[in-house]
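Note sheet for the following structure.
Throughout, read-outs are computed from the coordinates displayed, never taken from laboratory work. Everything numeric in this text was worked out from a predicted model, so none of it was measured. Reconstructed Cβ throughout: ideal geometry from the backbone, glycine too, with neighbour counts over all protein chains shown.
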Amino acid sequence: MDYSLKSGNLSRLRTPCLVLGVFAGGKLTDAAKEVDRASGGELKRLIKKGDMGGEPGRGLMLYDLPGIRAERLLLIGLGEPRKLSAKGLSEAHATAARLL
């Protein structure tokens, strides 16, 4: 599988999979907030249901989100925002790679 990094409006990005982080307690990263707005609050609704709480090592694959051009979206738990470190980011990347 090939990986690439792109920038721009995430909701308009055509890609096989968009990966976004979620902090503990379901707090969305800025990028995830952007996608949540574009999807009409779909991410917040799923978090409210308990499908993703932001725990490290946890991931949730979503398909066909409204308002999003990516084929699928992978949410990755990042843990507590104040405790996020290089090691935590490395673990989040490993989780994403394992789930892709």
Exceeding 20 Å between C-alpha atoms, which entries from my cross-link table qualify? They are Lys27/Lys83; Lys27/Lys49; Lys27/Lys48. none
³J(HN,Hα), Karplus 6.51/-1.76/1.60, whole Hz, each residue of segment 69-81, x for Gly, Pro: 8, 5, 4, 8, 10, 10, 8, 10, x, 10, x, 6, x
Given Leu99, Ile76, Ala24, which one lies farthest toward the positive end of the charge dipole of the chain, if we put +1 on the Cβ of every Lys and Arg and -1 on the Cβ of every Asp and Glu? Ala24
Give me the one-decimal nm value for the distance between modelled label points at Leu89 and Arg45, 7 Å along each residue's Cα-to-Cβ direction. 3.3 nm
P(r) over all Cα-Cα pairs of the chain, 5 Å bins from 0 to the longest distance, whole percent per bin, short to long, reads 3, 14, 26, 26, 20, 10, 1
Residues with amide H under 5 Å of Ser39's amide H, sequence separation 5 or more or different chain, H placed in the peptide plane at 1.01 Å from N; which? none
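Rounded to the nearest 5, what % of DSSP beta bridges with both residues in segment 14-99 are antiparallel?
Working: 7 of 13 bridges.
Here the share of antiparallel DSSP bridges comes out near 55 percent.
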Ordering of 64-76, 44-56 by burial proxy (mean other Cβ atoms within 10 Å per residue, highest first): 64-76, 44-56
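Relative contact order (percent) for the chain, with alpha-carbon contacts under 8 angstrom and 6 or more residues of separation?
Values: 175 pairs, mean separation 31.5, N = 100.
Once divided by the residue count of the chain, the mean separation gives 32 percent.
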